[in-house]
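Engineer: Structure in structure tokens, see below.
The values are calculated or read from the model by the stated rules, or taken from the named source; none is laboratory data. This structure is a prediction, so every number in the text was calculated from the model and none was measured. No Cβ is skipped: glycine too gets one built from the backbone with ideal geometry, and neighbour counts run over all protein chains shown. Surface accessibility is based on the protein's heavy atoms, side chains included, excluding ligands, DNA and RNA. Shrake-Rupley method; radii C 1.70, N 1.55, O 1.52, S 1.80 Å.
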Amino acid sequence: MTSFDDVSPHSRALALTVAMPAFNEEVQLAQSVTAVVAALEATGVTWELVVVDDGSTDRTGAIADQESARDPRVRVVHHSLNYGIGRAIASGLTAARGEWFMIIPADLAMDLRDLRRYLAARDGASVVAGYTANRPDYSSWRDAVSWLNRTAVAWLAGVRVQNPNYIHLFRVNALHGPPFRFTESAALFAEMLRRAGSRGRIVEVPIRYLPRMRGNATGAKWSLILRTARDLLRLRLGL
């Protein structure tokens, strides 16, 4: 199993690596890959897309392999088990050959035309943090969880961004260092932001949010909320 400590500061051959974690996304994966590839082509930078099949039990892995066979810039990492989003991000970062690293989930969750906004803001920054004020598919409960998370990340991790767990662009060499500790919860986003932010500026850019069209979001589960709260406290205390 790959992890963040495997990342090495070797020469970066590409401008951008996009990692796409995917678990049981057979219904929309091919469409999402096609859309991301088209959007990356439109940016004019050199790029790769790394699909991380996180132990899917449907045809997600096979579909990802088919997309890779069509375009060698689409690469695939397979997990034998479903380890969760944190380890999927770790595998994507380990595989990355780009100077910059971004995570776009298989449900996309953004207007891909806004990739240009991230890239336009990257000069002099170590992180370009995306934020969105409008999430029409969010219930009052998910809005409350989002507010609590933002407040906890600011207080416990010392990182003040509007949407800590949204889509961000990281300079890869700003993430180098010891293994990230919190790959089992959403505290990983705060840990990444804090490390990269300590090595340069965090710039925020407004991004147009697109709701998930298929499947179910899992970010507001009690188990994940409690695990994230525990890990943010550990991050604060240096445990």
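Engineer: If you plug each phi of the range 57-69 into the Karplus form 6.51 cos²θ - 1.76 cosθ + 1.60 with θ = phi - 60°, what whole-Hz ³J(HN,Hα) values come out, in order, with x for Gly and Pro?
Structural biologist: Rounded to whole hertz, the list is 9, 10, 8, 3, x, 5, 5, 4, 4, 5, 5, 5, 5.
Engineer: Collect residues whose amide H, placed 1.01 Å from N in the peptide plane, falls under 5 Å from the amide H of L210; neighbours closer than 5 in sequence don't count.
Structural biologist: Those qualifying (amide H under 5 Å, at least 5 residues apart or on another chain) are A109, M110, D111.
Engineer: Quick one: Karplus J couplings for the range 17-25, per residue in order, coefficients 6.51, -1.76, 1.60, θ = phi - 60°, nearest Hz, x for Gly and Pro?
Structural biologist: With the stated coefficients, the range 17-25 comes to 10, 10, 9, 10, x, 8, 10, 6, 10 Hz.
Engineer: Subtract the Cα-Cα distance of S80 and W155 from 0.36 nm times their separation in residues, and report this length gain in nm to one decimal.
Structural biologist: Gain in length upon complete extension: 23.3 nm.
Engineer: With labels modelled as points extended 7 Å from the Cα through the Cβ direction, what inter-label distance (nm, one decimal) is found for D58 paired with N173?
Structural biologist: 4.1 nm
Engineer: If the chain between R181 and L14 were fully stretched, how many nm would it gain, using 0.36 nm times the residue separation less the Cα-Cα distance?
Structural biologist: So the chain would gain 57.4 nm between R181 and L14.
Engineer: A further question on this structure: Assuming a ≥ b ≥ c are the square roots of the Cα gyration tensor eigenvalues, decide whether the range 81-133 counts as rounded (a/c under 1.5), prolate (otherwise, with a/b larger than b/c) or oblate.
Structural biologist: oblate
Engineer: Once a ≥ b ≥ c are taken as the square roots of the eigenvalues of the Cα gyration tensor of the range 1-124, is the result rounded (a/c under 1.5), prolate (a/b larger than b/c) or oblate (a/b not larger than b/c)?
Structural biologist: It is oblate, given that a/c is not under 1.5 and a/b is not larger than b/c.
Engineer: Taking amide H positions as placed in the peptide plane 1.01 Å from N, state which residues far from V52 in sequence (5 or more) or on other chains have amide H under 5 Å from it.
Structural biologist: The list, which skips near neighbours in sequence, is M20, A22, V77.
Engineer: Quick one: what are the phi-derived ³J(HN,Hα) couplings along the range 80-93, Karplus 6.51/-1.76/1.60 with θ = phi - 60°, whole Hz, x for glycine and proline?
Structural biologist: Result, rounded to whole Hz: 6, 10, 7, 8, x, 4, x, 6, 5, 4, 4, 5, x, 5.
Engineer: Per-residue accessible area for I225 at 1.4 Å probe radius, Å² rounded to 10?
Structural biologist: Taking all protein chains as shown, I225 has close to 40 Å².
Engineer: Another question about this same structure. Got a number for the accessible area of E99? Probe 1.4 Å, square angstrom, nearest 10.
Structural biologist: Per-residue accessible area (E99): approximately 80 Å².
Engineer: Under a 5 Å amide H to amide H cut-off, with H placed in plane at 1.01 Å, what residues pair with F180 once short-range neighbours are removed?
Structural biologist: The list, which skips near neighbours in sequence, is F4, D5.
Engineer: Would you calculate the separation in nanometres between label points at A35 and A69, each defined as 7 Å from the Cα along the Cα-to-beta-carbon direction?
Structural biologist: Result for the modelled spin labels: 2.5 nm.
Engineer: Ignoring ligands, DNA and RNA, what percent of the 1.4 Å accessible area of the range 20-166 is carbon and sulfur?
Structural biologist: 53 percent
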